[in-house]
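The values are calculated or read from the model by the stated rules, or taken from the named source; none is laboratory data. Since the model is a prediction, treat every value here as computed from it, not as a measurement. Cβ: placed from backbone, ideal geometry, glycine included. Neighbour counts: every protein chain shown.
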Amino acid sequence: MAEPNTNQSNGVSTTPKNTPPTTTYTPRYIDIGINLADPIFRGRYHGKSRHPDDLKGVVGRAIEVGCSKLIVTGSSFKSSRDALKLAKEFPGTVFATAGIHPCSSSIFSSTHHKHHDESQSEGEGGEEAEHTPACGPDPTKPILDGDGVDHARSTKIMTDLADLITQARSNSTTTTSNSPAAELVAFGEFGLDYDRLHYCSKEVQLHSFAAQLQLAASLTLQLPLFLHSRAAHADFVRLLQEAFGPRLERLEKGGVVHSFTGTAEEMRELMGLGLYIGINGCSFKTVENCEVVREVRLDRLMIETDGPWCEVRPTHEGWRYLVEWEVKAKAEAEAAAAAAAAVAAEAETAAAAAAEAEAAASDPTATPGAEGEAVKPGRRQRQKKPQQQQQQAKKNQKKESEVPERYKVVKKEKWEEGAMVKGRNEPCTIERIAKIVAGIKGVSVEEVCEAAWANTVKVFGVDS
């Protein structure tokens, strides 16, 4: 793959640090879950500006690796509106979802004091409130049942959410055959998360999920569902079936359970109901996780990064598949280079032989050298470096990572244009998800990319 040129007009750096070996297939990706509305992609961390807004660079790097479609997750009223704004800012590339995440569902509680339009997540107070919740579980200080649901507030919340969806559809600049609004492509993110009860109690989560399912089912033109389920499978399936039927036969547009980390049995049940499975870095943490991924059918697969969270780490079981991919790619590149060198050497030898023959014909007294050229007096053979010098040179070389970064990575305090920020997962890393899935399943990256692309376009209609 040739290195793209730098696009100076939009401030996007388009020069990768490392490029993968040339192949006949150019991968294409759709990131079904990326939290681009989080201020971290604008250079703000915990309420403080740490570096310039580099969102265009983030989107540009995604496009460079072939990730041309980004579905930005709406997890609260605020983030849903921000996601819709981004869809307007990057038409045809960015799309949005709208819903209330289980970790943002404390707005339904009788003890919640903020207006739901201003709230991101109860339990994330002050400067943290503007950020999306991290993906990892936290069993500390769970909010216990008992506070109850404020039903009058709930009615107002659902009316406002319905209005938000209606307004998004009416404001849409274009439409597709699969979705009533090109910008708004899914209802969600919503569902249940019993691993993170420190954000919201179980009883309030159950109410939030059921209320949103009722709204989703009542829409004249249904939207696909962007679903969240952590450690809550039985209740999750039960409420879905209550809203859409035992086989989800009334779910017109389908849906995806994103960031899946459940069991193989749970995954098979979800696929049996016609749902799709979203895979990201959190799906590769353990051997058990990877065995689940192995069983996900390609016709039910979608891929995502869930950035700025859920990056693939060296401690994850899935990392070894990246290492294997790099080893194989390096071996293929070296073999190709050796073959090219052999051809060049053969051509050079033939040319030298022809030149020697021509010289001998014109000057019979010339004495050919070992390499077909006249021996010149006083010429010294080039000596190799002493062994000690070679060993020292090897010691001075910086150890190369087993999985090299495509782009330079820096800490946020040392931000520079064109570089990724350490610890901030970006949609350009989706190529790692595809490689790991391919390695686990024993198929090609092309098969993974094309299956995920087709499934995502079928459900969300983002390839208009």
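Structure above, values below:
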{"read-out": "Contacts under 8 angstrom Cβ, first residue in the stretch 131-156 being part of a loop (DSSP other than H, G, I, E, B), partner modelled with pLDDT of 75 or more and basic (Lys, Arg), 6 or more apart", "value": "Pro133/Arg196; Pro137/Arg196; Pro137/Arg230; Asp138/Arg196; Asp145/Lys202"}
{"read-out": "Leu270 being more than 27 Å from His151 (Cα to Cα), assigned to a helix (DSSP H, G or I) and of a type in the set (A, V, I, L, M)", "value": "yes"}
{"read-out": "Residues located in the stretch 289-317, provided they are of a type in the set (Lys, Arg) and under 30 Å from Arg42 (Cα atoms)", "value": "Arg313"}
{"read-out": "Odd one out for Asp53, checked against (1) out of contact with any strand residue (DSSP E or B) (no Cβ under 6 Å at 6 or more places or on another chain); (2) under 18 Å from His258 (Cβ atoms); (3) not in a helix (DSSP H, G or I)", "value": "(2)"}
{"read-out": "Options Ala361, Ala337; residue that is part of a helix (DSSP H, G or I), small (Gly, Ala, Ser), at pLDDT 55 or above and within 30 Å of Thr24 (Cβ to Cβ)", "value": "Ala337"}
{"read-out": "Options Arg424, Arg382, Arg432: the member that is out of contact with any strand residue (DSSP E or B) (no Cβ under 8 Å at 6 or more places or on another chain) and modelled with pLDDT under 95", "value": "Arg382"}
{"read-out": "Residue in the stretch 184-205 that is under 30 Å from Leu86 (Cα atoms), modelled with pLDDT of 95 or more, among the polar types (S, T, N, Q) and not in a strand (DSSP E or B) present", "value": "yes"}
{"read-out": "Residue within the stretch 186-196 that is closer than 28 Å to Cys310 by Cα, buried (at least 21 other Cβ atoms within 10 Å of the Cβ) and of a type in the set (Ser, Thr, Tyr) present", "value": "no"}
{"read-out": "Inter-residue pairs, beta-carbon under 7 Å, first closer than 20 Å to Thr305 by Cβ and in the stretch 268-282, second among the basic types (Lys, Arg), 6+ apart", "value": "Tyr276/Arg300; Ile277/Arg300"}
{"read-out": "Residues of the stretch 81-115 satisfying the condition of being surrounded by 20 or more Cβ atoms within 10 Å (Cβ to Cβ), hydroxyl-bearing (Ser, Thr, Tyr) and not in a helix (DSSP H, G or I)", "value": "Thr97, Ser109"}
{"read-out": "Any pair with Cβ under 8 angstrom, 6 or more apart, that starts in the stretch 408-432 at a residue that is closer than 14 Å to Arg61 by Cα and in a loop (DSSP other than H, G, I, E, B) and ends at one that is of a type in the set (Ser, Thr, Tyr) and at pLDDT 95 or above", "value": "Gly418/Tyr407; Ala419/Tyr407; Asn425/Thr305; Glu426/Thr305"}
{"read-out": "Hits in the stretch 242-254 - residues which are in contact (Cβ under 8 Å) with a residue 12 or more places away in the chain and over 10 Å from Gln222 (Cβ atoms)", "value": "Glu242, Ala243, Arg247, Leu248"}
{"read-out": "The stretch 192-222, residues that are touching a helix residue (DSSP H, G or I) at 6+ places or on another chain (Cβ under 6 Å), among the small types (Gly, Ala, Ser) and more than 13 Å from Ser154 (Cα to Cα)", "value": "Ala217"}
{"read-out": "Some residue of the stretch 274-284 being more than 23 Å from Gly191 (Cα to Cα), assigned to a helix (DSSP H, G or I) and modelled with pLDDT of 95 or more", "value": "no"}
{"read-out": "Selection status of Pro404, surrounded by fewer than 18 Cβ atoms within 10 Å (Cβ to Cβ), at pLDDT below 95 and under 41 Å from the mean Cα position of the chain (by Cα)", "value": "yes"}
